[in-house]
1. Please compute, for the alpha-carbon atoms of the stretch 205-279, the extent along each of the three principal axes and give them in descending order in Å.
2. Whole angstrom only: what separates the Cα centroid of the stretch 53-91 from the Cα centroid of the stretch 156-176?
3. Evaluate the relative contact order of the chain (contact order divided by residue number), counting alpha-carbon pairs under 8 angstrom at least 6 apart; express in whole percent.
4. What base-10 log of the normalised intensity I(q)/I(0) is obtained for the stretch 4-118 from the Debye formula, alpha carbons as equal point scatterers, at q = 0.13, 0.16, 0.22 Å⁻¹?
5. List the relative contact order of the stretch 1-119 as a percent without decimals, with contacts defined as Cα pairs under 8 Å and 6+ residues apart.
6. Kindly provide the Kirkwood hydrodynamic radius of the stretch 32-94 in Å, to one decimal, from all pairs of distinct alpha carbon atoms.
7. Using +1 at the Cβ of each Lys and Arg and -1 at the Cβ of each Asp and Glu in the stretch 7-257, identify which of Tyr164, Ile136, Ala235 lies farthest towards the dipole's positive end.
8. Extending each Cα 7 Å along its Cβ direction at Asp92 and Arg265, get the distance between those two points in nm, one decimal.
Amino acid sequence: MSQSYPGIRSGDVVMPSIGLGTWQLENGAAQVMTEKALEVGYRHIDTAQIYGNEQDVGAALAATGVPRGEIFVTTKVWVDKFADGDLQRSVDESLKKLRVDQVDLLLLHWPKPKPALAETIAALNAVKADGRTRAIGLSNFTSTLMQEAAALSEAPITTNQVEYHPYLSQKTLRATADKLGASLTAWSPLAQGKVADEPVLKAIGAKYGKTPGQVTLRWQVQQGVVTIPRTKNPARLAENFAIFDFELTDEEMAQVYALARPDGRIGDWIDAAYKWDAE
Ligand SMILES: NC(=O)c1ccc[n+]([C@@H]2O[C@H](COP(=O)([O-])OP(=O)(O)OC[C@H]3O[C@@H](n4cnc5c(N)ncnc54)[C@H](OP(=O)(O)O)[C@@H]3O)[C@@H](O)[C@H]2O)c1
């Protein structure tokens, strides 16, 4: 796969470092924004079965002039489809909606105690083995669960897509992903827009003529984290993509890391008992 911006080694694939997040892009917005993102230069689109917009992303993939082989498409299997057989059928449905024979990356959307992880990981490996996905990975797995999944999996676990932005450290998961040769992919990378008001990010951005959002996305890719900001505003597509013409100093990287705080988490799983990594 070739694209004109840096990729991030993730298990057995290289993921384009920035992608378009499509959560909450509804009523055709995912089609419009995917097409526009591809025009801007994005080569990575993140969707999920549960977002209800795979068919819109599929319509964009069918309409664009960008060859399929240049676009990294990620989708996710929802938790009610984790049993052997259900998972494979669910992937077929996703492929049909996306109008492709293969996705580039298939993620388990959230960890779930039943069925056993071994059964779900085996099913995930089966769809990779028969070519329905090029790579497999996880989303919202803790460090312990990520290591368990990696130990159970024949194929490398490429990435763990988790909430990650300046207000949330994710130190433990970053180290675990590193150890496993996987990447982290940052969801809610802009803290759902909150970074725009952050004085530290504004001050760093002023030096380079960049917005707090751009500084944040740069900070993520510069540390080897894949990032998938979402916008429904075409102008912001270009803004969020313009992060490859400047570099943060070590001191600036440290200033952004220092914004992490214990109550920085935004999103949570419906199971209130779910225990994230402490740091
Ligand atoms: N795996 C999971 O469980 C999971 C969970 C959540 C999200 N995700 C994925 O991660 C993607 C991104 O996360 P997210 O959608 O929660 O949040 P996000 O990307 O952090 O933030 C999106 C919000 O920020 C605004 N925004 C976009 N660019 C901006 C900029 N440069 N400056 C200031 N504000 C900006 C957008 O508003 P406008 O639309 O007005 O620009 C939108 O309200 C999702 O779309 C989805 O693909 C995955």
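What follows draws every value from the coordinates through simple rules; no lab data is involved. All of these numbers come straight from a predicted model, not from anything done at the bench. Every residue, glycine among them, receives a Cβ derived from its backbone with ideal geometry; neighbour counts consider all protein chains shown.
1. If we take the Cα atoms of the stretch 205-279, the spans are 43, 32, 20 Å.
2. So the two Cα centres are separated by 23 Å.
3. Normalised by residue count, the contact order of the chain is 19 percent.
4. The Debye formula, applied to the Cα set alone, gives -0.49, -0.73, -1.25.
5. Details: 176 pairs, mean separation 27.8, N = 119.
23 percent.
6. For the stretch 32-94, the Kirkwood estimate is 12.5 Å.
7. Ala235
8. Computed distance between label sites Asp92 and Arg265 equals 3.7 nm.
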